[in-house]
Amino acid sequence: MTAMAKPQFAEALNGASSVRKHYLVTLNLMERLHRQLIDVIKDKLDRRDEREINSVQARLLFNVGDQELTAGELRTRGHYLGSNVSYNLKKLVGGGYIHHERSESDRRSVLVRLSRKGEAVRDMLRELFDRHLGSLEAVGNVGVYHLESLNTTLKRLERFWIDQMRFRL
């Protein structure tokens with residue numbers, strides 16, 4: 001969060017109702033957590049001296065996983081956050097991390113899947129997240145109950161925002 005945003009955020013909280021305060025804090029935390037996850041991935045890439053791709057591209061590789069998808073499916077399934085999926089896919093194809101080919105059934109669509117190089121990055125992130133799981137409860141004091149509750153709440157927020165757009169509320 002920028003220095004300019006902090007006073008505005010604090011001002012919004014000062015006059016806010018209890019629900020409003022919590023909602024604004026939640027919005028702020030979600031943004032910060034996403035950035036922190038990207039930073040954690042960047043740190044892992046830096047430690048491995050992986051300079052060809054960035055953390056957003058590595059996350060995209062992790063989300064493709066063992067699937068064969070179109071670029072549109074990456075976005076609509078929620079596997080990729082960002083408007084420049086085509087740019088990042090092009091970079092990953094050029095770097096040898098992703099194979100791409102035209103769909104047999106729909107020649108307009110391009111299907112993507114990981115190459116061996118992409119699988120290595122996916123596996124690196126899988127190992128990182130597995131390591132996190134090993135200490136999440138003991139060090140982070142976050143157990144399965146907390147995650148279940150958090151995931152339920154986040155799914156409700158997602159549904160709420162989807163409805164806001166769909167029904168123009």
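Of all the residues in segment 41-63, those that are part of a helix (DSSP H, G or I) and more than 12 Å from the chain's Cα centre (by Cα) number 6.
So if I check each of LEU45, LEU74, LEU37, LEU60, which one is modelled with pLDDT of 95 or more and surrounded by 16 or more Cβ atoms within 10 Å (Cβ to Cβ)? Can you show your working first?
Numbers: LEU74 fails: modelled with pLDDT of 95 or more; LEU37 fails: surrounded by 16 or more Cβ atoms within 10 Å (Cβ to Cβ); LEU60 fails: modelled with pLDDT of 95 or more.
Of the residues listed, the single one that is modelled with pLDDT of 95 or more and surrounded by 16 or more Cβ atoms within 10 Å (Cβ to Cβ) is LEU45.
Restricting segment 108-162 to residues that are loosely packed, with under 11 Cβ neighbours inside 10 Å, hydroxyl-bearing (Ser, Thr, Tyr) and more than 20 Å from the chain's Cα centre (by Cα), the residue that is farthest from ARG48 (Cα to Cα) is TYR145. Pick from LEU111, LEU92, LEU125: which is under 19 Å from VAL40 (Cα atoms) and not in a loop (DSSP other than H, G, I, E, B)? Only one candidate passes the filter, namely LEU125.
Residue under question is ALA58, and the condition is that it be touching a Ser or Thr at 6+ places or on another chain (Cβ under 8 Å) and not β-branched (Val, Ile, Thr); does it hold? Break it down stepwise before answering.
Numbers: touching a Ser or Thr at 6+ places or on another chain (Cβ under 8 Å): no; not β-branched (Val, Ile, Thr): yes.
No.
Checking the stated criteria, LYS90 turns out to be at pLDDT below 95, in the same structural domain as ASP130 (by TED's automatic domain parsing) and over 21 Å from GLU127 (Cβ atoms). Return yes when GLU148 is farther than 19 Å from ASP39 by Cβ and in a helix (DSSP H, G or I) and no when it is not. Taking the combined requirement at face value, the residue satisfies it. Of all the listed residues (ARG108, ARG126), the sole one being under 14 Å from VAL64 (Cβ atoms) and either among the basic types (Lys, Arg) or out of contact with any Leu (no Cβ under 9 Å at 6 or more places or on another chain) (or both) is ARG126.
The values are calculated or read from the model by the stated rules, or taken from the named source; none is laboratory data. This one's a predicted model, so the numbers in the text were calculated from it and none came from an experiment. Reconstructed Cβ throughout: ideal geometry from the backbone, glycine too, with neighbour counts over all protein chains shown.
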